[in-house]
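Below: one structure, written as structure tokens.
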Amino acid sequence: MIIILKPEITQESPEFKFLLKYLNEFKGVKTLTAEYQGETRKVIEIHLIGDTQKVPLEIVKSLPGVEKAVRVSAKYRQIGRHGDLEPIGFDYKGLHFDQNSFHVFMGLCAADTKENVEAIFKAMKEAGVRTARMGAYKPRTSPYDFQGHGKECLPWLFELAGKYDIAIIAMEVLSPHHIDEIWEALEKAGHPTGVMLQIGTRNAQNFELLKAVGNQQEFPVLYKRGMGLTIDESLNACEYIASEGNHNIIFCLRGVRTHLGDPHRNLVDFGHVPVIKRLTRLPVCVDPSHPIGSRVAAPDGIKDIYHVAAQGVIAGANMVLVEFHPDPHRALCDGPQALFLEEIPCFLDYINRARQAYLDMKDIVARCNFQNIVPKP
Ligand code: PEP
Ligand code: MN
């Protein structure tokens, strides 16, 4: 069961305290409180877990401070839509993320040199982009490949982010202690930027790591679909994060592993954007760099990375995560798929037009109003 409180109720209100006292009297029922910052209001939800059948829905609905209460199916209890639950989303570093928002996160696959990081942040500032991607801890197939500079690069990376007004960096973590290292480095630097913790495809079912990113409220989480996992398995992994208390999650599609995707690196799965939006309340991201794996262009002159990025955006994606590099031939990780810095304005123009096309198409479909047509008996 999920109980949504009236807008004026806070966790200090007597109604909230009374409600928790009432709910705690049911043996075998655990309560978990979640706060969402929507664009216009803050929403507090109380999630009941365990033997909730004995909690009477109608009585709960009538208690002071309660706006709405719904019984939820066993599936995706925390992240699911459950009928008419509002996908509120969350705020982080002054930016809002929900199923209607749109952001482009761009940057290096891995922070390699100070010069390269500065070059991309500078180009982003010129283009008005404040959301970056940058790996410090890299999961590599070979132990002999560049593993990322780890915590050593965090001080200069955060300082440069502050210098160029980068609000958020999406950064992969491979182990729970990386979260502490990021937090300590941000504290030392005086929080010049924010971090979105990325769970990479290779850790998509690393349950201890999922619990660790779920068990903190400071950083939102960008969860990347497991390359060999079903949607159901990946959504359950997000449920691990949410059930630990952190609901600020973005679900990222990044292609799946199959030779049927050849010659692309992975098979593009952006047709699942509307599926994730229908099944969950999570904003959806698409990563066009990793499924394609190279800068090849079609005969129309448009690179495959651009083509699939637009496909994801046309399908309603709320975020694009894309790799650039000032000197891709010398990049220590994923150089072949990195776009050139000179392309940034063009890529943004292209992607923003795809977004506008999606919004226009949404209006057209709303005007057609064919949702109300029912099959003839
Ligand atoms: C990345 O974003 O650099 C990355 C390693 O992605 P994935 O986990 O999707 O391979
Ligand atoms: Mn990469």
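The values are calculated or read from the model by the stated rules, or taken from the named source; none is laboratory data. A quick note: this is a predicted structure, and the numbers were derived from the prediction, not measured. Here the Cβ is made from the backbone with ideal geometry for all residues, glycine too, and neighbour counts use every protein chain on show.
Condition first: closer than 21 Å to residue 168 by Cβ, in contact with a helix residue (DSSP H, G or I) (Cβ under 7 Å, 6 or more places away or on another chain), within 16 Å of ligand 1 (Cβ to nearest atom) and in contact (Cβ under 8 Å) with a residue 24 or more places away in the chain. Can you find one or more residues in the stretch 294-306 that meet it? No, the stretch 294-306 contains no residue that is closer than 21 Å to residue 168 by Cβ, in contact with a helix residue (DSSP H, G or I) (Cβ under 7 Å, 6 or more places away or on another chain), within 16 Å of ligand 1 (Cβ to nearest atom) and in contact (Cβ under 8 Å) with a residue 24 or more places away in the chain.
Results for (1) touching a His at 6+ places or on another chain (Cβ under 6 Å); (2) aliphatic (A, V, I, L, M); (3) surrounded by 11 or more Cβ atoms within 10 Å (Cβ to Cβ), shown as yes or no for each residue.
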position: 327; (1), (2), (3): no, no, yes
position: 344; (1), (2), (3): no, yes, yes
position: 351; (1), (2), (3): no, yes, yes
position: 357; (1), (2), (3): no, yes, yes
position: 366; (1), (2), (3): no, yes, no
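Helices (runs of 4 or more DSSP H) fully within the stretch 176-264 that include at least 2 residues being of a type in the set (A, V, I, L, M) and either closer than 21 Å to residue 79 by Cα or within 14 Å of ligand 1 (Cβ to nearest atom) (or both): 207-214, 231-243. Just so you know, in the stretch 45-76 the residues that are in a loop (DSSP other than H, G, I, E, B) and at pLDDT below 90 include one that is surrounded by the fewest Cβ atoms within 10 Å (Cβ to Cβ), and it is 74.
Rundown of residues vs (1) within 16 Å of ligand 1 (Cβ to nearest atom); (2) assigned by the TED database to the domain that holds residue 320; (3) surrounded by 20 or more Cβ atoms within 10 Å (Cβ to Cβ); (4) part of a loop (DSSP other than H, G, I, E, B), yes/no style:
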position: 109; (1), (2), (3), (4): yes, yes, yes, no
position: 124; (1), (2), (3), (4): no, yes, yes, no
position: 161; (1), (2), (3), (4): no, yes, yes, no
position: 166; (1), (2), (3), (4): no, yes, yes, yes
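Hey, any hits in the stretch 32-54 for a residue that's under 30 Å from residue 164 (Cα atoms) and of a type in the set (Lys, Arg)? Among the residues of the stretch 32-54, not one is under 30 Å from residue 164 (Cα atoms) and of a type in the set (Lys, Arg), which makes the answer no.
Within the stretch 25-36, which residues are in contact with a Lys or Arg (Cβ under 9 Å, 6 or more places away or on another chain) and on the phi < 0 side of the Ramachandran plot? Across the stretch 25-36, the qualifying residues are 26, 27, 29, 35, 36. Taking residue 305 as the residue in question, decide whether it is away from ligand 2 (no atom under 16 Å from the Cβ) and assigned to a helix (DSSP H, G or I). It is false that residue 305 is away from ligand 2 (no atom under 16 Å from the Cβ) and assigned to a helix (DSSP H, G or I). For the condition surrounded by fewer than 24 Cβ atoms within 10 Å (Cβ to Cβ), within 26 Å of residue 36 (Cβ to Cβ) and either touching an Asp or Glu at 6+ places or on another chain (Cβ under 6 Å) or not assigned by the TED database to the domain that holds residue 282 (or both), residue 215 qualifies.
Would you confirm whether or not the stretch 265-288 contains a residue that is at pLDDT 95 or above, among the hydroxyl-bearing types (Ser, Thr, Tyr), crowded, with 19+ Cβ neighbours inside 10 Å and assigned to a helix (DSSP H, G or I)? The answer is no; no qualifying residue exists.
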